[in-house]
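Computed from the coordinates by the stated procedures, all read-outs in this text should not be read as laboratory data. Here the structure is a predicted model, which is why all the values come from computation and not from measurement. Positions of Cβ are backbone-derived with ideal geometry, glycine not excepted, and every protein chain shown enters the neighbour counts.
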Amino acid sequence: MEKHTAKEDWIAILTGTFIVAQGVFFLQSAHLITGGTTGLALLISQFTPFTFGVLYFLANCPFYLLAWQRFGRQFAINSAVSGALVSIFADHLYLLISLESISDIYCAITGGLLMGLGMLILFRHRSSLGGFNVLCLLIQDKFGISVGKSQMVIDACILISSLFFVTPWIIGLSILGAFALNLVLAMNHKPYRYSVSYGS
């Protein structure tokens, strides 16, 4: 498949990260969590003075190194930039959006769908959000298991572990959001349908 141009990649990175940040905003509005480093950052931000963006970027830093080793310099740089943009966007959306009244169920579904769509855009333009996304892409690359399936397993483990910190209702809604996110990826990012070179 023909590679995207650098211009297309950077426009997609801006678009994808902005959409992901919208999804994070919906989850935050209902005090929900999700899987991966995003879920960990959302959870910890509820109990510490640190913002989601700071926690999210720090949690992803080790995975950017893994991305460099496995997928090359450009993919790692794209992923680090993507992670930084999501952190910045998510921490400042409150200046632009205020949700006075909204259903928690709607937040879970919409947040999950938006995050999934944003991640899908990034995956198709030689980028990721770091974290377990990189690990899932590596699993897909080596074993042919779709990103959505491996991500769903990891997310389930994190959400189950969160039972010690949040209510079962929040966990239930968070699982709904994570399912929506991974459904988008599982249906639309199959390794035999769409292949992008990660070369340096």
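Listing for the model above:
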item: Checklist (1) of a type in the set (D, E, K, R); (2) surrounded by 20 or more Cβ atoms within 10 Å (Cβ to Cβ); (3) in a helix (DSSP H, G or I) applied to Lys142, failing item; result: (2)
item: Cβ-Cβ under 9 Å pairs, at least 6 apart or on other chains, the stretch 13-37 side over 18 Å from Ile121 (Cβ atoms), far side of a type in the set (Lys, Arg) and part of a helix (DSSP H, G or I); result: none
item: Checklist (1) within 27 Å of Thr5 (Cβ to Cβ); (2) under 14 Å from the mean Cα position of the chain (by Cα) applied to Asp155, failing item; result: (1)
item: Qualifying residues in the stretch 121-135 (those that are within 11 Å of the chain's Cα centre (by Cα) and not in a helix (DSSP H, G or I)) - the one surrounded by the most Cβ atoms within 10 Å (Cβ to Cβ); result: Ser128
item: Answer from Ile11, Ile19, Ile97, Ile77 - the residue that is hydrophobic (A, V, I, L, M, F, W, C) and assigned to a loop (DSSP other than H, G, I, E, B); result: Ile97
